[in-house]
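Report on the structure given below.
The values are calculated or read from the model by the stated rules, or taken from the named source; none is laboratory data. Treat the numbers as computed from the prediction; the structure is a model and nothing was measured. Every residue, glycine among them, receives a Cβ derived from its backbone with ideal geometry; neighbour counts consider all protein chains shown.
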Amino acid sequence: MAAAGAFISASGFSPAILRRQSYPAPGALRPALSSTRRFAASTTEQLSTASAPPEDSGPNGRPRKDVEPSRSTVSAASPFMEDEGPEGEGKSLEEFFDLARDLIRPDGGPPRWFSPLECGSRLDDSPLLLYLPGIDGTGAGLASQHKKLGKIFDVWCLHIPVMDRTPFTGLVKMIEKTVKSESHNSPNRPIYLVGESLGACLALAVAACNPDLDLVLILANPATSFNASQIQPLIPLLEIVPDQVQLSHPYLLTLMRGDPLKILRATSEKALPPQETVDMLSKDLLTMSSYVSVLADILPKGTLLWKLQMLKLASAFTNSRLHAVKAQTLLLISERDQLLPSKAEASRLYRALPGCEIRKYEENGHFLFLEDGIDLVTTIKSARFYRRRKTLDDIADYLPPTYSEFIKQFESSRWVNDFTAPVMLSTLENGKIVRGLAGIPSEGPVLLVGYHMLLGLELVPLIAQFLFERNIHVRGIAHPMMFAKYKEGRSGPSPSYYDTFRIMGAVPVSGTNLFKLLSRKAHILLYPGGMREALHRKGEEYKLFWPEQSEFVRMAARFGAKIVPFGAVGEDDIGQVVVDYDDLTKIPYFRDQIKNLTDGNVRLRTTATGEVANQDVHLPGIMPKIPGRFYYFFGKPIETEGRKQELKDREKAHELYLEVKSEVEKCIAYLKEKREGDPYRSIFSRLVYQTINGSSSEIPTFEL
């Protein structure tokens, strides 16, 4: 397998839109979405799932199935997963209290599982997800996430009645019983334990007691740090405070809301008139006052005192068994947690848990899942924590982005498009060159093979244009550093820097992954020159660094794939390399940094040799220029259908390989020549054109 390209971008792999002011609505790109059943169909229906023992439940408390048979949520005609769309401001907290209001009605029952009715349409072979609540115990903490989680998981939530006094060890045994039973029923699928605060302690305790089970832990602000928490003094205070006094609930509600200035920022961003702002603030204040009463019912004094005492025990119990936890673990840490020292605790848990990854949230508080903007499914996908079998399969387990996930990603990097106004050309079957991507085959497998510009900046508009213009989701073969496990003290960006790459479908370079993508008739983006091209030296612009041999030609022929050579130019209109690898290695400090960064990541494991395979990870010094324009040219597709036997011969395959390389070089030469005749190559001429014709108008280019 040849060395394939690294997806490297100054801003991350976040496809940028190709029109500044507008982009197609979701309906223009995919079929209309079917409606999803709401959880709150009726109070009676809710309580039948949450409070009454399920009719088909076994001794482990298995919930009744209130859903239709499983079906895939990915439309064959759409590159996106179904999307419920963004929730409004304050919806997360509102949905939590709406659901909790019904769940806390006294019924005298013990802790039990319930399946939210909103989790009604999931993928085949979806793994089981057990949600373990925090001190509220309602099981409603993921209410705003139910629809999306229910598409890819079989979701069960643990409900602990308000007056229940089951001890921590009793809850651990109950969860353990369920986990063992479900693991026996589905031995080849993992079980996800999603816990926050107290629930995170429960998840860790169960994992410690069952190290041989295939568990995946997703833990939000674990209460393992309770001994260092500022809420410990509440315990003796609550013991002496009369039952009628509930001083803690307004404080807890404030913490549940997260940033108190959030609504003020929302109104200022919308530029609302003063009266509307006052009305919104008044409505918010009224809503919050109603939540206080519900919170008092969820955590009356006796229950709150019991839960705080349980937290103390849970922390000690779990910490004494951390060494036994072998489960894959994702820590979700709020850096503004005012209840627990979660930021410091993250480093301790990372060192204690062998299979641990961390995602940090700078602006969020303790009750992470109740704050708007938190999307658990997106987090799981971007961290590569979603799998439906014992080991992760980057192809079979991959979940395409939703439309809103995609929009969010490229919006963060739309500056690439705004500054470069990309021009994309393709070649029809008759050899005619046209503007746009009409020449790209609609049916896969298609292998897009091209040149990696400096820092891989050509990726940003390329991926977006394929989605918007042709409804084609291009999967990239990427450098393994994008998927390396985080190591404390490692130089370079944190793992979350590469989350967008994974959301958009990048996979680690390997012959197996290329084989699987081709077998699924995908459109695949391959850079034989890889990181060596993206991190080239001074004076090496538009020079190809391809290995002497490549296996992609014979593999493409095996599946009858079309190979589309392409070139991209414009990096020399954006910046110039002034300090390259050779310069950096002459300076001891930077030489050590390069070694640390390279050793802390993963070298490209491939059959290729020389510079392509052994490129050290580094960041060249670049002097920016007044932005010019990006140009892309996709050559005529090269057919391999029917040539499988012919291309088994290494010499014949090598001839085709050299032909593809030559075509890429011709595409680059064509663009370098033609752009000289583009009157809108300069950003200033483009600004003038848009001022006259409208900011959303397509900017012309050279004559074809």
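Leu353 passes all but one of (1) surrounded by fewer than 21 Cβ atoms within 10 Å (Cβ to Cβ); (2) under 24 Å from Leu171 (Cα atoms); which number fails?
(1)
Run Val579 past the list (1) surrounded by 21 or more Cβ atoms within 10 Å (Cβ to Cβ); (2) of a type in the set (A, V, I, L, M); (3) at pLDDT below 95 and report the number of the one that doesn't hold.
Unmet for Val579, out of (1) surrounded by 21 or more Cβ atoms within 10 Å (Cβ to Cβ); (2) of a type in the set (A, V, I, L, M); (3) at pLDDT below 95: (1).
Out of everything in the stretch 527-554 that is touching a Phe, Trp or Tyr at 6+ places or on another chain (Cβ under 6 Å) and not in a loop (DSSP other than H, G, I, E, B), what residue ends up being nearest to Glu651 (Cα to Cα)?
Applying the filter and picking the extreme gives Val553.
Do you know which residues across the stretch 672-689 are closer than 20 Å to Gly436 by Cβ and touching a residue at least 24 places away in the same chain (Cβ under 8 Å)? Spell out how you get there, then give the answer.
Of the stretch 672-689, the ones closer than 20 Å to Gly436 by Cβ are 674-675, 677-681, 686, 689.
Of everything in the stretch 672-689, those that are closer than 20 Å to Gly436 by Cβ and touching a residue at least 24 places away in the same chain (Cβ under 8 Å) turn out to be Lys674, Arg675, Gly677, Asp678, Tyr680, Arg681, Arg686.
Which residue pairs have Cβ atoms under 9 Å apart, sit 6 or more places apart or on different chains, and have a first residue in the stretch 538-555 that is without any contact (Cβ under 8 Å) to a residue 60 or more places away in the chain and a second that is crowded, with 19+ Cβ neighbours inside 10 Å and among the acidic types (Asp, Glu)?
Listed by first residue and then by second, the contacts come to Glu540/Glu533; Lys543/Glu533.
Just one of the numbered conditions (1) under 24 Å from Gly628 (Cβ atoms); (2) modelled with pLDDT of 85 or more; (3) in contact with a helix residue (DSSP H, G or I) (Cβ under 6 Å, 6 or more places away or on another chain) is not true of Ser413; which one?
Single failed check for Ser413: (2).
Considering only the stretch 171-199, state which residues are closer than 22 Å to Ser126 by Cα and of a type in the set (A, V, I, L, M, F, W, C).
Ile175, Val179, Ile191, Leu193, Val194 - these are the residues of the stretch 171-199 that are closer than 22 Å to Ser126 by Cα and of a type in the set (A, V, I, L, M, F, W, C).
If you check Leu647, Leu619, Leu597, Leu604, which single one turns out to be part of a helix (DSSP H, G or I) and either modelled with pLDDT under 85 or aromatic (Phe, Trp, Tyr) (or both)? Walk me through it before giving the result.
Values: Leu647 fails: either modelled with pLDDT under 85 or aromatic (Phe, Trp, Tyr) (or both); Leu619 fails: part of a helix (DSSP H, G or I); Leu604 fails: part of a helix (DSSP H, G or I).
It is Leu597.
Any idea which residue in the stretch 320-344 is farthest from the chain's Cα centre (by Cα), counting only those that are at pLDDT below 95, surrounded by fewer than 16 Cβ atoms within 10 Å (Cβ to Cβ) and not in a helix (DSSP H, G or I)?
Gln338
For the structure I just gave you, tell me whether Leu158 is touching a residue at least 60 places away in the same chain (Cβ under 8 Å), crowded, with 21+ Cβ neighbours inside 10 Å and under 16 Å from Ala220 (Cβ atoms). Break it down into steps so the answer makes sense when it comes.
On the way: touching a residue at least 60 places away in the same chain (Cβ under 8 Å): no; crowded, with 21+ Cβ neighbours inside 10 Å: yes; under 16 Å from Ala220 (Cβ atoms): yes.
When the stated conditions are applied, Leu158 does not pass them.
Give the residue that is farthest from Ser183 (Cα to Cα), with candidates limited to residues of the stretch 350-363 that are at pLDDT 90 or above and in contact with a strand residue (DSSP E or B) (Cβ under 6 Å, 6 or more places away or on another chain). Walk me through it before giving the result.
Let us first name the residues in the stretch 350-363 that are at pLDDT 90 or above, namely 350-353, 356-361.
Next, only the ones that are in contact with a strand residue (DSSP E or B) (Cβ under 6 Å, 6 or more places away or on another chain) stay: 350, 353, 356-361.
Details: Tyr350: 26, Leu353: 22, Cys356: 22, Glu357: 24, Ile358: 26, Arg359: 27, Lys360: 30, Tyr361: 32 Å.
Across the stretch 350-363, the extreme among qualifying residues is Tyr361.
Just a yes or no: is a residue in the stretch 169-189 in contact with a Phe, Trp or Tyr (Cβ under 6 Å, 6 or more places away or on another chain) and in contact (Cβ under 8 Å) with a residue 60 or more places away in the chain?
If we filter the stretch 169-189 for residues that are in contact with a Phe, Trp or Tyr (Cβ under 6 Å, 6 or more places away or on another chain), which is where we start, we get none.
No, there is no match, as no residue in the stretch 169-189 is in contact with a Phe, Trp or Tyr (Cβ under 6 Å, 6 or more places away or on another chain) and in contact (Cβ under 8 Å) with a residue 60 or more places away in the chain.
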